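Written below as structure tokens is the structure these notes are about.
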Amino acid sequence: MTAKDTIIQGKAILGIEFGSTRIKAVLIDENNKPIAQGNHEWENQLVDGLWTYSIDAIWHGVQDCYANLRKDVLAQYGCEIHSLAALGFSAMMHGYMAFDKAQNILVPFRTWRNTNTAKAAAELSELFVYNIPLRWSISHLYQCILNGEEHVASIDFITTLAGYVHWQLTGQKVLGIGDASGVLPIDPATRNYDATMVDKFNKLIAPKGLPWTLNDILPKVLLAGQPAGTLTEEGARKLDVSGNLKPGVPLCPPEGDAGTGMMA
């Protein structure tokens with residue numbers, strides 16, 4: 001089967017990676033051979049002393065990246081992408097994205113570059129008897145609690161960049177196990193967040209009287225190969241503003257950049 005036939009028949013697979021300086025889209029055929037690509041360059045911004053990418057920058061970036069992929073497909077094969085066999089996202093790991101019940105982001109996305117979490121990371125490392133890096137999501141969350149930030153009481157969901165994009169395109173609040181390991185340590189026996197650490201954290205913050213526990217706000221952990229939802233109609237329009245891409249595409253669990261970085 002030619003690359004053009006693969007695209008026309010909706011059998012191509014698309015992967016999109018959110019790197020620190022570039023968003024990259026790679027379309028592959030059924031034999032895992034790259035057949036088209038697109039990209040978008042971007043930079044993080046220092047806002048109020050913290051490194052961030054705005055929500056607008058995230059969506060403009062992925063839409064421009066996908067549009068450039070479409071241009072490459074049109075230039076090479078003279079056809080349009082209407083469907084895909086599968087779609088997946090990966091992104092720079094760690095950081096902090098917190099949302100309320102109305103899906104509004106509560107504070108600007110805090111990326112892995114931020115080092116304002118030293119106190120939280122040190123206290124959690126001692127509590128868990130496990131090294132907790134400054135960049136992990138749990139460090140960011142606990143630092144917000146230590147700082148008495150007002151938004152903490154309104155948290156309904158926290159996730160990573162890949163998890164956020166996946167959620168918005170599928171409605172599924174999930175993370176691949178690799179990305180989840182940068183949120184909170186994973187128990188290799190259960191392949192889920194370490195239950196003992198979750199319990200310790202909940203007891204630690206109990207005196208704060210917050211309306212949630214950690215179990216309430218973390219994304220579900222999925223393994224490679226497990227179903228992670230499908231592209232919704234709204235999600236299809238959000239990714240492909242031209243309206244050509246149809247919903248229903250199956251997605252794999254969103255992942256961090258540890259695996260993609262090693263592959264590269």
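Laboratory data are not the source of any read-out in this text; all were calculated from the coordinates shown. Note that the coordinates shown come from a computational prediction; the quantities given were computed from them, not determined experimentally. Cβ coordinates were reconstructed from backbone atoms using ideal geometry, including for glycine residues, and neighbour counts include every protein chain displayed.
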Exercise. Of K24/K71; K33/K238; K101/K220; K101/K203; K119/K220; K173/K238, which pairs sit farther than 20 Å apart, going by alpha carbon to alpha carbon?
Worked result: K33/K238; K101/K203; K119/K220
Problem set entry | For region 171-253: rounded, prolate or oblate by the Cα gyration tensor [a/c cutoff 1.5] | oblate
For this session: Using only alpha carbon pairs under 8 Å that are at least six residues apart, calculate the relative contact order of region 1-126 and give it in whole percent.
Result: 27
Exercise. Got the relative contact order for region 196-256 handy, in percent, Cα pairs under 8 Å and 6 or more residues apart?
Worked result: 31
Problem set entry | Longest to shortest principal axis, alpha-carbon extents of the chain, angstrom | 61, 41, 33
For this session: Scan around M92 for amide H atoms under 5 Å from its own, H built in the peptide plane at 1.01 Å from N, and keep only partners 5 or more places away or cross-chain.
Result: F18
Exercise. Given springs between every Cα pair under 10 Å in a Gaussian network model of the chain, which of V174, V107, V73 has the largest fluctuation?
Worked result: V107
For this session: Please find the FRET efficiency linking V129 to A224, where r is the Cβ-Cβ separation and R0 is fixed at 22 Å, and quote it to the nearest 0.05.
Result: 0.15
Seminar exercise, completed: Along region 105-111, Karplus-curve 3J(HN,Hα) (6.51, -1.76, 1.60; θ = phi - 60°) to the nearest Hz, with x for Gly and Pro, reads 6, 7, 9, x, 3, 9, 7
For this session: Out of all DSSP beta bridges with both ends in the chain, state the antiparallel percent to the nearest 5.
Result: 65
For this session: With only alpha-carbon atoms counted, please give the Rg and Dmax of region 1-90, in Å.
Result: 14.8, 53
Problem set entry | Residues whose placed amide H lies under 5 Å from that of K220, excluding near-sequence neighbours | V174, L175
For this session: Treating the angle as unsigned and between 0 and 90°, give the value, to the nearest 10°, between the Cα long axis of helix 118-128 and the longest Cα principal axis of the chain.
Result: 80
Exercise. Tell me, what ³J(HN,Hα) does each residue in region 149-157 have, in order and in whole Hz, if you take phi through Karplus 6.51 cos²θ - 1.76 cosθ + 1.60 with θ = phi - 60° and put x for Gly and Pro?
Worked result: 5, 4, 5, 4, 5, 9, 5, 10, 6
Exercise. Taking a ≥ b ≥ c as the square roots of the eigenvalues of the Cα gyration tensor of region 142-219, is the shape rounded (a/c under 1.5), prolate (a/b larger than b/c) or oblate?
Worked result: oblate
Problem set entry | Contour excess over end-to-end distance, with Cα ends at L74 and R191 and 0.36 nm allotted per residue | 37.9 nm
Exercise. How many percent of DSSP beta bridges within region 1-126 run antiparallel, rounded to 5?
Worked result: 75
Exercise. Label-point separation (nm) for E149 and K208, each offset 7 Å from Cα along Cα-to-Cβ?
Worked result: 1.0
Problem set entry | Residue-by-residue Karplus 3J(HN,Hα) for region 89-102, coefficients 6.51, -1.76, 1.60, Hz, glycine and proline x | 10, 9, 7, 3, 6, 6, x, 8, 10, 10, 10, 8, 5, 8
